[in-house]
Amino acid sequence: MNSNQPISMTTIILLGELGKRFGRLHLYACSGSMGLLNIARDELVDEVSQSMGLAEFLEITRQASTVLY
């Protein structure tokens, strides 16, 4: 892929599906932001592993090799 070309949503979705299938991708929703925006857990996409607060997220990701915010 040329680095000047934008990544399509299809590509991002496919990469997410592959990552989840191989157990290497975990998506977390911020419960604080969900509360602020009045978003319920059942309104999130199925790919979201769980919702949690910032302190719990930082504890889980402390040993992770890669973390994307």
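The values are calculated or read from the model by the stated rules, or taken from the named source; none is laboratory data. Bear in mind that the values here come from a model prediction, so they are computed numbers and not experimental data. Here the Cβ positions follow ideal geometry from the backbone for every residue, glycine too, while neighbour counts run over all protein chains shown. The accessibility values were calculated without ligands, DNA or RNA, using every heavy atom of the protein model including side chains. Shrake-Rupley method; radii C 1.70, N 1.55, O 1.52, S 1.80 Å.
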First in segment 47-67 and within 17 Å of Lys20 (Cα to Cα), second anywhere and part of a helix (DSSP H, G or I) and polar (S, T, N, Q), Cβ under 6 Å, 6 or more apart: Ser51/Ser31; Val67/Thr61
Restricting segment 15-38 to residues that are among the aliphatic types (A, V, I, L, M) and not in a helix (DSSP H, G or I), the residue that is most open to solvent (accessible area, probe 1.4 Å): Leu37
Selected residue (criterion: nearest to Thr66 (Cα to Cα)) from residues of segment 18-56 that are acidic (Asp, Glu) and at pLDDT below 85: Glu47
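Condition check ((1) β-branched (Val, Ile, Thr); (2) open to solvent by 80 Å² or more (accessible area, probe 1.4 Å)) across all residues:
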{"site": "Pro6", "(1), (2)": "no, yes"}
{"site": "Ala40", "(1), (2)": "no, no"}
{"site": "Asp46", "(1), (2)": "no, yes"}
{"site": "Thr61", "(1), (2)": "yes, no"}
